[in-house]
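Step one of this worksheet: look at the structure below.
The values are calculated or read from the model by the stated rules, or taken from the named source; none is laboratory data. These numbers were taken from a predicted model, which means no experiment stands behind them. Ideal geometry is used to build each Cβ from the backbone, glycine not excepted, and the neighbour counts take in all protein chains shown.
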Amino acid sequence: MITTRKQLFDLGQTVATPAAIEVLNNAKVSPKELLDRHINGDFGVLSDDDRQANMDAIDDEARLLSVYPLESGETVWIITEADRSSTCILLPDEY
């Protein structure tokens, strides 16, 4: 039996910076895998306060942030804008 989870919010247009794409390719991590985690409430490595802010943002239509450390030692962020018009995959130093 296959169980699918309902996504918690819309991503809008999804984009990624060239540097983030390179880091994901080098780490052999699929952007789709991280986006699936993001829209299903697995926000990666966040403080309890930031995790709660994301959960509140789902209903309050505020910005959402996910932080995913990779085995390569790099970290990738995913940010969905408050109006859900877009989601960007980027590196922390690109913010």
Checklist line | Enumeration of residues in the stretch 75-95 that are assigned to a loop (DSSP other than H, G, I, E, B) and either basic (Lys, Arg) or touching an Asp or Glu at 6+ places or on another chain (Cβ under 8 Å) (or both) | finding: 82, 83, 84, 91
Next item on the list: Being exposed (fewer than 14 other Cβ atoms within 10 Å of the Cβ), aliphatic (A, V, I, L, M) and either modelled with pLDDT of 95 or more or in contact with a strand residue (DSSP E or B) (Cβ under 8 Å, 6 or more places away or on another chain) (or both) narrows it down to one of 57, 82, 53, so name that one.
Entry: 82
Item checked: Pick from the stretch 64-79, criterion buried (at least 21 other Cβ atoms within 10 Å of the Cβ) and among the β-branched types (Val, Ile, Thr), ranking: nearest to residue 7 (Cα to Cα) -> 78
Check: If you go through the stretch 45-61 one residue at a time, do you hit one that is assigned to a strand (DSSP E or B) and either in contact (Cβ under 8 Å) with a residue 12 or more places away in the chain or of a type in the set (D, E, K, R) (or both)?
Finding: no
Notebook entry, point to check: Out of 43, 9, which single residue is under 11 Å from the mean Cα position of the chain (by Cα) and of a type in the set (Phe, Trp, Tyr)?
Noted result: 43
